[in-house]
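Following: one structure in structure tokens, then a few remarks.
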Amino acid sequence: MPRAIQITAFGGPEQMQLVELPVGEPGPGEIRIRHHACGLNYIDVYQRTGLYANPLPLTLGMEGAGVVEAVGEGVTHLKPGDRAAYASNPPGSYSEARVMPARCVVKLPDTIGFDTAAGMMLKGLTAQYLLKKTRPVEGLEPGDFVLFHAAAGGVGLIACQWARALGLQLIGTAGSAAKCELALAHGAAHMIDYSREDFVARVKDITGGRGVKVVYDSVGKDTWEGSLNCLRPFGLMASFGNASGPVAPFAPGILGPKGSLYVTRQTLFTHIATREATQAMADDLFAVVGSGAVTIRIDQRYPLAEAGQAHRDLEARKTTGSTVLLP
């Protein structure tokens, strides 16, 4: 039987066990896919710990790439033998094979390898909806400043390159000089090492005191207040993660004195709720990667059986770029 990484209780990486699970035939609207690579994302940590609770037992993983083995009734955009990739609910990509909804699975261009696809679908689609759809009320134009936290991570390195292609001046933050250099090499206009610098003061210095139009923040609790203080009037605070912990409740009244600010909490799965939306976003991602404007950096590869160590390294901020698990 195919192997998978499953948890039976929420907690640390020690809860992750390699088990054998039966995989049946796909039902209506489903496919069965044989994975060649699986992506690692911080949302997997949230689901492992129970911050984002799912029914137990739970096979982790939201992102993968492989070959379609079978399709269920009503599936017309995929067929057995197709190379395919996805970022999708429900979890289950930490596996050798699975049955899953076909809605968010897309055909993979022959020019994109399985490792690359597994390392870019969730992260690349996230960068796409942030830069293309999650925009301040005054819009974004070439030359505008944006602030992107964790710029040396998987989403961040894609966003650095995509922002440069759009003509935006991305100010990134990271926790070391080496990570700052990495993000600069991938298109960030400015980088701030938050372990040594006050990122709010540096953003104000870089922007001549005006602040940025939008902050893209996957860090959460530790950067929340500072991020608000980096925004110019009518700026947008776009929260899309909680790597440092969830943001505490706050009074909306604080947004007025800070410049009539806007706040939004985004999630990819709202954006890919339909097959048509998923396909359009994936086409945009495939095009920008195919053009060479964005390259996908796979900095870590682990055997599927070592998924627990991959989680430990991710939480310790030892990783850069994208990480894949190999069944």
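The values are calculated or read from the model by the stated rules, or taken from the named source; none is laboratory data. If you're wondering where the values come from, they're calculated on a predicted model, not measured in any experiment. Cβ placement follows ideal geometry from the backbone for every residue including glycine, while neighbour counts extend to all protein chains displayed.
Structure summary
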quantity: Yes/no for P109 being closer than 28 Å to D313 by Cβ, in contact with a helix residue (DSSP H, G or I) (Cβ under 8 Å, 6 or more places away or on another chain), of a type outside the set (G, A, S) and part of a loop (DSSP other than H, G, I, E, B); calculated: no
quantity: Selected residue [at pLDDT below 95 and among the hydrophobic types (A, V, I, L, M, F, W, C)] from A287, A305, A277, A316; calculated: A316
quantity: Where K258 falls short, out of the listed (1) outside the structural domain of A185 (by TED's automatic domain parsing); (2) over 22 Å from Q47 (Cβ atoms); (3) of a type in the set (K, R); calculated: (1)
quantity: Qualifying residue in the range 155-174 (condition: under 15 Å from D284 (Cα atoms) and of a type in the set (K, R)); calculated: no
quantity: Segments classed as strands (runs of 3 or more DSSP E), wholly inside the range 1-65, with at least 2 members that are among the basic types (K, R); calculated: 30-39
quantity: Index of the failed condition, D284 passing every other in (1) out of contact with any strand residue (DSSP E or B) (no Cβ under 9 Å at 6 or more places or on another chain); (2) surrounded by 20 or more Cβ atoms within 10 Å (Cβ to Cβ); calculated: (2)
quantity: A85, sole failed condition from (1) part of a strand (DSSP E or B); (2) more than 27 Å from V19 (Cβ to Cβ); calculated: (2)
quantity: Hits in the range 35-52 - residues which are within 23 Å of K79 (Cα to Cα) and either of a type in the set (A, V, I, L, M) or surrounded by fewer than 16 Cβ atoms within 10 Å (Cβ to Cβ) (or both); calculated: A37
quantity: Residue tally, condition among the β-branched types (V, I, T), assigned to a helix (DSSP H, G or I) and within 12 Å of H149 (Cβ to Cβ), over the range 201-232; calculated: 1
quantity: Members of the range 87-102 that are modelled with pLDDT of 95 or more and farther than 20 Å from A238 by Cβ; calculated: P91, G92, S93, Y94, S95, E96, A97, R98, V99, M100, P101, A102
quantity: Test: residue in the range 53-71 that is under 18 Å from R3 (Cα atoms), of a type in the set (S, T, N, Q) and surrounded by fewer than 24 Cβ atoms within 10 Å (Cβ to Cβ); calculated: yes
quantity: Qualifying positions in the range 255-312 - within 18 Å of G153 (Cβ to Cβ) and part of a loop (DSSP other than H, G, I, E, B); calculated: Q266, T267, V294, T295, I296, R297
quantity: Some residue of the range 74-81 being assigned by TED's automatic domain parsing to the domain that holds Y302, surrounded by 23 or more Cβ atoms within 10 Å (Cβ to Cβ) and either among the aliphatic types (A, V, I, L, M) or out of contact with any helix residue (DSSP H, G or I) (no Cβ under 6 Å at 6 or more places or on another chain) (or both); calculated: no
quantity: Conditions (1) within 30 Å of G74 (Cβ to Cβ); (2) out of contact with any Phe, Trp or Tyr (no Cβ under 9 Å at 6 or more places or on another chain): number failed by A151; calculated: (1)
quantity: Residues of the range 267-293 classified as more than 15 Å from the chain's Cα centre (by Cα) and of a type outside the set (K, R), total; calculated: 16
quantity: Whichever residue in the range 244-266 is among the hydroxyl-bearing types (S, T, Y) and modelled with pLDDT of 95 or more and, among such residues, is surrounded by the most Cβ atoms within 10 Å (Cβ to Cβ); calculated: Y262
quantity: Pair list, Cβ < 6 Å and 6+ apart or interchain, from the range 39-60 residues that are touching a residue at least 40 places away in the same chain (Cβ under 8 Å) to residues that are surrounded by fewer than 19 Cβ atoms within 10 Å (Cβ to Cβ) and hydrophobic (A, V, I, L, M, F, W, C); calculated: G50/F10
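The rows are residues; the columns are (1) in a strand (DSSP E or B); (2) farther than 19 Å from N41 by Cβ.
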| position | (1), (2) |
| --- | --- |
| E138 | no, yes |
| E141 | no, yes |
| V146 | yes, yes |
| A151 | no, no |
| V155 | no, no |
| C160 | no, no |
| R164 | no, yes |
| I171 | yes, yes |
| A178 | no, yes |
